[in-house]
Amino acid sequence: MSSPKIYVVTGASQGIGLETVRSLVDLGHRVLFTARSQGKVDHAISIIMSSHPDALVEGYAADMSLQSDIRKAAAEMIAKHPVIDGLINNVGTWMSNHHLTKEGIETVFATNHLSYVLMTHLLYPALKRSGHGRIVNVASNAHSYGKINIPDPGYSKNYHGLRSNGQSKLANLYFTFELDALKPDTNISVYAASPGLVKTDIGLKHTNWLHTLAWKFRRRKGQTPSEGSRTSVFCATDPSVERISGKYWESNKVKDVFPSAKDPVLGKQLWDRSNQMCGIGDYFKERG
């Protein structure tokens with residue numbers, strides 16, 4: 001096994017995120033993870049330690065829909081760990097109804113996309129200091145029905161849960177491709193990883209009865225969260241793919257994207273809009 005490294009996993013209190021942490025500590029790595037509250041942090045740590053009593057794991061309470069929480073968590077991580085080897089942007093949510101965070105941004109777009117943009121920006125200097133830093137953005141085949149709404153990314157006028165989720169997953173791909181194209185450092189690789197259909201509770205938490213019923217039916221055919229975490233962990237750790245950057249992966253293999261993810265003009269527009277919404281000037285400049 002390679003020497004232990006330091007990884008960050010967002011949204012790891014349960015489901016795919018928790019299993020991602022478990023897999024990384026099983027490989028002997030140190031993992032810093034976020035969960036929405038201190039209670040969820042403590043619960044996740046107790047689960048991990050029950051199966052891996054020697055695990056090197058740290059939890060940070062952060063609501064990843066809130067940029068203030070993201071900035072605080074990232075600052076705390078870098079203060080303790082100035083070098084980070086990998087970031088897995090895993091956090092995700094699904095909502096039937098339009099809902100704004102207390103910062104005034106639609107919650108799904110804020111969580112599923114902007115948290116990836118901002119967390120990567122904030123940790124980029126620490127990743128750059130690694131021998132070879134890796135950034136994994138958990139995406140989905142839901143990008144097939146996504147449509148990016150640049151003027152109104154929160155879909156305030158015609159919101160629908162499927163429309164919102166599809167947009168966020170399409171945004172994950174465009175973010176991956178733009179980040180790969182623009183990054184100035186050759187010792188950074190970026191991946192978009194689809195977990196496939198997984199039996200999680202994402203479709204049960206903030207959904208109406210119809211969407212809840214549909215998800216309960218659909219997820220029966222899904223993989224376990226452990227199986228769903230495999231591609232993310234593979235992209236983050238496997239030596240064979242260290243230099244393969246800017247690709248979409250599923251089942252540990254490169255996969256072609258749907259036509260909706262192949263518009264470079266739209267990718268640039270989304271990059272600029274996302275940076276503006278996150279208050280980012282120079283994306284790759286270390287903050288003083």
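Whole-Hz Karplus ³J(HN,Hα) for region 252-260, in order, using 6.51 cos²θ - 1.76 cosθ + 1.60 and θ = phi - 60°, x for Gly and Pro?
For region 252-260, the Karplus-derived couplings read 6, 9, 5, 10, 6, 8, 6, x, 4 Hz, x marking Gly and Pro.
Full-extension gain between D152 and A181, please, as 0.36 nm times their residue separation minus the C-alpha to C-alpha distance.
Computed gain between D152 and A181 is 7.9 nm.
Which length gain, in nm to one decimal place, applies between L27 and S68 when the Cα-Cα distance is subtracted from 0.36 nm times their residue separation? Before the final figure, lay out each step's value.
Working: separation 41, 0.36 × 41 = 14.76 nm, distance 3.19 nm.
Extra length available between L27 and S68 comes to 11.6 nm.
Neighbouring Cβ atoms within 10 Å as the yardstick, rank R22, R134 fewest first.
Going from sparsest to densest Cβ surroundings: R22, R134.
Just the number, please: percent antiparallel of the DSSP beta bridges in region 6-278, rounded to the nearest 5.
About 10 percent, rounded to the nearest 5.
With the crude spin-label approximation of a point 7 Å out along Cα→Cβ, what separation in nm comes out for F284 versus E103?
Placing both labels 7 Å beyond Cα along the Cβ direction yields 2.4 nm.
Would you work out which of V254, S50, G166 lies farthest towards the positive end of the dipole of region 6-278, given +1 charges on the beta-carbon of Lys and Arg and -1 on that of Asp and Glu, about the Cα centre?
So the residue we want is G166.
Can you pick out the pairs among K183/K262; K80/K262; K169/K268; K40/K147 whose Cα atoms lie more than 28 Å from each other?
In this structure, K80/K262; K40/K147 exceed 28 Å between Cα atoms.
Compare the peptides 249-262, 158-171 by average per-residue count of other Cβ atoms within 10 angstrom and give them in order, highest first.
Numbers: 249-262: 14.7, 158-171: 21.1.
Order by mean packing, descending: 158-171, 249-262.
Rank T111, A79, H132 by how far each Cα sits towards the positive end of the charge dipole of the chain (+1 on Lys, Arg Cβ; -1 on Asp, Glu Cβ) and give me just the farthest.
Farthest along the dipole direction, towards plus: T111.
Report, in deg cm²/dmol and to the nearest 500, the calculated mean residue ellipticity at 222 nm for the chain, where each DSSP H run with n ≥ 4 adds -39500 (n - 2.57) and the sum is divided by the residue count.
Working: 9 runs with 113 residues, N = 288.
That calculation yields -12500 deg cm²/dmol at 222 nm.
Under 20 Å from a point 7 Å along the Cα-to-Cβ line of D272: which residues of region 85-123 have their amide N that close?
Once the point is set 7 Å along Cα→Cβ of D272, 114, 117-118 turn out to lie under 20 Å by backbone N, inside region 85-123.
Tell me the relative contact order for region 58-128 as a rounded percent, counting alpha carbon contacts under 8 Å between residues six or more apart. The partial results should precede the final answer.
Working: 71 pairs, mean separation 31.9, N = 71.
Worked out over region 58-128, it gives 45 percent.
So how do 58-71, 106-119 stack up, highest first, on mean other-Cβ count within 10 Å? Intermediate results must be reported in sequence, preceding the final value.
Values: 58-71: 20.6, 106-119: 25.5.
Per-residue Cβ counts within 10 Å, averaged per peptide and sorted highest first, yield 106-119, 58-71.
Based on Cβ point charges of +1 for Lys and Arg and -1 for Asp and Glu, what charge dipole magnitude is obtained for region 49-181 about its Cα centre, in debye rounded to the nearest 20?
Once rounded to the nearest 20, the dipole reads 220 debye.
Taken together, the values in this text are just the output of simple stated rules run on the coordinates, not laboratory data. Keep in mind that this is a model prediction, so the values were computed, not measured. As a convention, Cβ positions derive from the backbone with ideal geometry for all residues, glycine included, and neighbour counts pool all protein chains shown.
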